[in-house]
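So the structure is just underneath, and the comments pick up after that.
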Amino acid sequence: ALSPGQLKVEGIACVAPEVGTDALDGGLMRMHITANCHPNEFVQISYGGAEFIRKLNSYGALDYDLDCFAGSSSAVEVRFADGVTRQVPVNAKDLDKVSKIAVVWRAGVNLDLHVFEYAAKFGESGHYWSATPSSFTTAQVQSQADQRGHGFLSSIDDEKTLGDKLEVYTFLHNDQQTTGAISLALDNATRGETPSGPTCGQGALAEIGFQVSILPRNGQVTRQSGVLTRVDCGTKLSHEARFNQSAMPGLRIRR
């Protein structure tokens, strides 16, 4: 049997897989995965109770931005196809300045997280979702202008993503702010306004389970489970039924 140091891929000696990290703004961490003897393979990235599946390129490399929605107490593990694993600590530089609310699901549907800052209405300024996610820079500029915290969708997924799917709202706190409220809603965009096929009745995708993680500023992450329940096929959903605010906790800002 060959030892790892003797393995070769097209004449190139194998190097043991490595995972480097860089801290990014908004509580994100960029992972640099290098594994030259694992070209085009899938890797499993475990963090915060979620399992993300991503593909290495033809050189066995991948840069992946991990949203640190579970804070720094949960280690990050990368598992390769041959069972080799690497663990790295969370490397995020501003988790003491943000709060995060994340929704994680596994079913092959597109769930959209909708955020309504400071009583914003659907489609108004302050309503963020996958089509209008805002950004870290925009939230910073808004916060400096009105002395209130603002946020953005720091992670967005859909039904095409392998493994667990994740959407995260990241709120940048402003120390001048005393109080405020952010409400959130969850929409099963695959089911839409008029459910049909497997998304309704007794269909395989009619009932969708999900998990919500809440990471308050300088606090410990908490989790709660939820279910988007079945609805009858062909029945038009009301706006309130489709954009379900009861499925998501709100964020209350206090100094």
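When both the stretch 125-196 and the stretch 41-114 are represented by their alpha-carbon centers, they are found 19 Å apart.
Under the convention that each Lys and Arg Cβ holds +1 and each Asp and Glu Cβ holds -1, the size of the dipole of the stretch 51-128 around its Cα centre is about 160 debye.
Rounded to the nearest 10 degrees, the inclination of helix 136-146 to the longest alpha-carbon principal axis of the chain is 40 degrees.
In the chain, the DSSP-assigned H stretches of four residues or longer account for a calculated mean residue ellipticity at 222 nm of -1500 deg cm²/dmol, using -39500 (n - 2.57) per stretch and the full residue count as denominator.
Here the translational diffusion coefficient of the stretch 125-187 follows from Stokes-Einstein with Rh set to the Kirkwood radius across Cα pairs; for 37 °C and 0.692 mPa s it amounts to 256 µm²/s. Note on the stretch 47-155: along the principal axes its Cα atoms extend 51, 32, 26 Å, ordered by decreasing extent. Restricting the calculation to alpha carbons of the stretch 114-255 gives Rg and Dmax of 16.4, 51 angstrom. Principal axis extents of the Cα atoms in the chain, from largest to smallest and rounded to whole angstrom, are 63, 50, 27.
For the stretch 77-130, the list of GluC sites (Glu not before Pro) that fall in a loop by DSSP and count at most 14 other C-beta atoms within 10 angstrom reads 124.
Partners of residue 55 within straight-line reach, counting lysines whose Cα lies under 23 Å from its Cα and excluding those fewer than 8 residues away in the same chain: 8, 160, 165. Each Cα pair under 8 Å and six or more residues apart adds its separation to the average, and for the stretch 101-253 the resulting relative contact order is 28 percent.
A DSSP coil position with no more than 13 other Cβ atoms inside 10 Å describes the following trypsin sites (Lys or Arg not before Pro) in the stretch 57-145: 121.
Read-outs: derived from the displayed coordinates by stated rules, not from any lab. Since the structure is predicted, the reported quantities are computational estimates derived from the model, not experimental observations. Cβ: placed from backbone, ideal geometry, glycine included. Neighbour counts: every protein chain shown.
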